[in-house]
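The block underneath contains the structure these notes are about, expressed in structure tokens.
Only the coordinates and a few stated rules stand behind these numbers; no lab work does. Model, not experiment: these values are computed from the prediction. Here Cβ is always computed from backbone atoms with ideal geometry, including for glycine, and neighbour counts include all displayed protein chains.
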């Protein structure tokens, strides 16, 4: 059994529906009656419209709870937290894996580590932890760029 995706409504439709509920609330015996009446005209379920109305009331300060901006900020912070936890886990595993190596582990060991952990984390979150730009050690390498030493002119080869 597959779950059907709920239809997405344009922000203009949501705002108009909520405004209609607030404008016509006095013409009905309750807010729910107004919501049911307007939901039928707009083509959404009354519960969907009720959720929009409740969120609009929170945004206006009429009802306690997180506003839309606060919810978006919380969602972004949770996403960032998840990414940081994953990065910490990758670094923890890498430090245990490469503890015998020096400042930079051999390439074959890095490849073996990536192959061993790609099923859990994927390759993209792991690579920036190993491939740093030679000019800016804290910046990830641009995609598709290899680290190659610059050719030295002949007169520099004799200098120490």
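Miscellaneous remarks
- Shown is the FRET efficiency for residue 78 and residue 22, computed with R0 = 30 Å from the Cβ-Cβ distance and rounded to the nearest 0.05: 0.45.
- Counted residue by residue at 0.36 nm each, then reduced by the alpha carbon distance between them, the extension gain from residue 42 to residue 91 reaches 12.5 nm.
- With the simple model of a label 7 Å out from the Cα in the direction of the Cβ, residue 121 to residue 107 spans 2.1 nm.
- With 0.36 nm allotted per residue and the present C-alpha distance subtracted, the residue 15-residue 32 stretch has 4.4 nm of extension available.
- In whole percents, the pair-distance distribution calculated for the range 11-65 from its alpha-carbon pairs, binned every 5 Å from zero, is 4, 23, 33, 26, 12, 2.
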